[in-house]
Each structure stands twice: as structure tokens, then as C-alpha cells.
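Here's the structure, in C-alpha cells; my notes come after.
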Amino acid sequence: MNILVAGGTGLIGSHVLRELLATRPSERLHVLTRDPGRPHPLSAHVRRVRGDVGDPASLAQAVRGMDVVIHAVQFPNHPVENPRKGWTYLEVDGRGTVNMVAACRKVGVQRFIYLSGAGVRPGRTEPWFQAKAMAEEAIQRSGLPYVIIRPSWVYGPGDRSVNKFVKMARLLPFMPVIGDGEGKVQPVSVLDVARVVTLAVDLPEATNRIFEAGGPEALTMNQILQTVLRVLGKRRPLVHHPVGFMKAVASILQYLPNPPLTPAAIDFILMEERVDPTETERVFGVKFERFQDGLRRYLGPRR
Ligand SMILES: NC(=O)c1ccc[n+]([C@@H]2O[C@H](COP(=O)([O-])OP(=O)(O)OC[C@H]3O[C@@H](n4cnc5c(N)ncnc54)[C@H](OP(=O)(O)O)[C@@H]3O)[C@@H](O)[C@H]2O)c1
């Protein structure tokens, strides 16, 4: 089979490629990227093809001859939108996926696997939910056989979030937290997500269904940071910054050419979403790992 991973240079996409290489070595793997010249750790095993979800002509070219398309694209510096560069939920997650679906339909791709997000349902007003809903609807209406996966917060080797916490634990005498840190998420290992995506390539029972992916525990941000510190063998106090103060700072920062934070990104970070992974575990025959166990496997006691 020819399998194209759009977003194959990103966190989830690169782990999907590794899992595909390990478990299905006879498939031909292709990576859609805006910059095929950039070094890729798996370049010996994958073909890189130039494409941008905002450029339908490039997608038409990229999906030609593909049997399966795995769509794991996210705008750079997520969750901080940058409308001047077109890096927004609407443009990349929403319209970009619509463009990709249209390209796949034209060439008769046999399976479309989409990385959506936890909490997508009609009527939600936040831009990330609206974009994901637009994407999911386009997929479901397309007539393409599909599998949609809605992960909670994904962590693992190469992620930006836990790695940021690790850096802070090394450099700062305290761990900054936005708000009271009591909002809960269900961290899910990128290795588990990659396993589910890889199995979704040809699992008949998964066809035309939506699956939630999340770890077995709902943890607060305080618990997540304390777990990271424990696994690293470090002691740092958590210092909470009021949301109102952080938003005031972000409302100034958002006017920088490359804003590090915006008020909307703070809302995204503070979002609480619960998922029910029971059916996903049953259909795919997987067991999502506890955060502490997954973290230990890649951070180890000393890093
Ligand atoms: N990470 C999480 O915690 C999480 C949780 C729930 C859902 N998800 C979903 O999972 C998917 C993948 O997320 P991720 O965290 O793996 O993303 P990521 O690490 O930020 O990677 C994003 C990928 O998107 C590609 N990309 C960006 N703009 C593009 C464009 N205009 N055209 C084509 N490709 C473009 C990038 O490739 P190039 O730079 O090579 O072009 C990169 O490979 C997203 O849909 C996200 O919403 C992620």
C-alpha cells in the first residue's frame, strides 16, 4: 500500500511513521511537508513530497497513487494563532482538511484517517472546536471510508509540552502554572496514539467511526507537573499566576510579529476535556498507558 502521512514531520505523524515502519515494513510511506528539503530522521525510509494544505494544487499532486492518507496537520506554534501568516485553526485545521478531503476524493483514496481532538461536538464556539467540526463534517460527507481519532492531550518523545516543563524544571527555581492548575485532562502517550492510528489503516471494525483516545486517569495540571518533577527527581514549588493577569500580559504580547502567547491560547491551554477510551481500547485491542508509566519510559529518573 501507499500511505501518505500529512504532518509526518510533527509529533504524532512522526511516531505514526515509526510505528508503520516497525509493524508494516512492506508498505510504501510518504510524508507531506511544506519543506521536503528539511532533514527528517526517517528520510532513508520515507519519500518526502511537498504540499501545503492551503494549496489544493499541491495536494492533488501529493495524493496521487495513495491508498491511505493519514492527516495529522497542525499550524506552527500551536496553540498560538498568527492570522498574518495564515496559521489559524480555521485556515489549517478547518479549510486545510476540507482541501485535503477534496483532493483524496478526486483520486479515490481508500481510507482517510484524521487526527481530530477531544471535545468536538456541534454548537461549540471556540475556534479550535469549530475548525475540527468543519473538518470532521467534510470527512463524513465525503463518502471516503474514514477513521476519526479524537485524542486528549498527547505527550511523549519529541513533544513540546512536557519538554517545556523539563526545561523549566532545570532552569527555574519554581514551576509556573497559569491559574489554579485544577483543570483536568487525560494525558495520552503518543506511542499509544500512533499504535491506534497504525491499526486503523485496515481494521474493518474501525471504518466510518470516531474514537476517543486518552489515558486512564484524569489529572490536573498540578498533578501533571508534580508527576514530571517526581520522574525527573526534582523538587520545585508550583507558583500559580492568576488567569486575569496572564491574559492581560498575553493581550499585549499578541501584537508582536511572532507572539509567544495570546489570550485565546490561554483558553486553549486551560481547556478541560474528558474522553472515554473504553470503546477505542476494545476495538483496537490496546490499553492506554498511565501518565507516570509513559513518562518514566522516556524521561527516566535523570535527564
Ligand atoms: N499534540 C496534541 O496534544 C494533540 C492533541 C489532540 C489532537 N491533536 C491533533 O493531532 C494532529 C497533529 O498534531 P501534532 O501535535 O502532531 O502537530 P505538530 O507536532 O505541531 O505537527 C504539525 C505538522 O503539521 C504540518 N503542517 C503545518 N502547517 C501545514 C500546512 N499549511 N500544510 C501542510 N502541513 C502543515 C507540519 O509539517 P511541515 O512543517 O513539515 O510542513 C507538521 O508536521 C493535529 O490535527 C492536532 O490537532 C494533537
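A few comments on the model shown:
- Per-peptide packing, taken as the mean over residues of other Cβ atoms within 10 Å, places 51-58, 149-156, 128-135 in the sequence 149-156, 128-135, 51-58 from highest down.
- Principal-axis analysis of the Cα atoms of the chain puts helix 221-232 at an angle of about 90° to the longest axis.
- Annotation: amide H-H contacts under 5 Å for L144 (H modelled 1.01 Å from N, sequence separation of 5 or more, or interchain): none.
- Each residue of segment 166-172 is assigned a 3J(HN,Hα), and the resulting list reads 4, 4, 5, 5, 6, 8, 10 Hz, derived from the Karplus form 6.51 cos²θ - 1.76 cosθ + 1.60 (θ = phi - 60°), x at Gly and Pro.
- Segment 55-107 and segment 116-159 have Cα centres separated by 13 Å.
- Of the chymotrypsin sites (Phe, Trp or Tyr not before Pro) found in segment 168-269, those that fall in a DSSP loop while having at most 16 other beta-carbon atoms within 10 Å are F174, Y255.
- Derived scalar couplings between HN and Hα for segment 196-213 equal 4, 4, 5, 5, 5, 4, 8, 8, x, 5, 8, 4, 6, 10, 10, 10, 9, 10 Hz in order, rounded to whole Hz, by the Karplus curve 6.51 cos²θ - 1.76 cosθ + 1.60 (θ = phi - 60°), x for Gly and Pro.
- Three semi-axes of the equivalent ellipsoid, segment 99-236, Cα gyration tensor, whole Å, largest first: 35, 16, 13
- HN-Hα J in Hz across segment 54-61 - Karplus 6.51, -1.76, 1.60, θ = phi - 60°, x for Gly and Pro: x, 10, x, 4, 5, 6, 4, 5
- Over 22 Å between alpha carbons, listed pairs K164/K184; K167/K234; K132/K247; K164/K247; K184/K247; K132/K164: K132/K247; K132/K164
- Restriction of the trypsin sites (Lys or Arg not before Pro) in segment 140-203 to DSSP coil positions whose beta-carbon has at most 15 other beta-carbons within 10 angstrom yields R160.
- Put in line by how crowded their Cβ is, counting other Cβ atoms within 10 Å and starting with the fewest, S161, S43, S189, S26 read S26, S43, S161, S189.
- Taking every alpha-carbon pair in segment 167-303 and binning the separations at 5 Å intervals from zero gives 2, 9, 15, 15, 17, 15, 13, 9, 5, 1, 0 percent.
- You can think of it this way: the chain between E137 and R47 has 29.4 nm of extra reach, that is 0.36 nm per residue less the Cα-Cα gap.
- Taking other C-beta atoms within 10 Å as the exposure proxy, H241, H78, H30 rank H241, H78, H30 from fewest upward.
- If the chain linking D276 and R34 were pulled fully straight, counting 0.36 nm for each residue of separation and taking away their Cα-Cα distance, it would gain 83.7 nm.
- Springs join every pair of Cα atoms under 10 Å in this Gaussian network model of the chain, and among P25, P145, P216 the largest mean-square fluctuation is at P25.
- Crossing angle, helix 243-253 versus the chain [Cα axis fit, 0-90 degrees, rounded to tens]: 60 degrees
- The chain shape via C-alpha gyration tensor axes, a/c threshold 1.5: prolate
- C-alpha long axis of helix 96-107 to longest principal axis of the chain, angle in °: 20 degrees
We did not get these values from a lab; they are worked out from the coordinates using the rules stated. Only a predicted model underlies this, so the values are computations on that prediction, with no experimental measurement involved. Cβ coordinates were reconstructed from backbone atoms using ideal geometry, including for glycine residues, and neighbour counts include every protein chain displayed.
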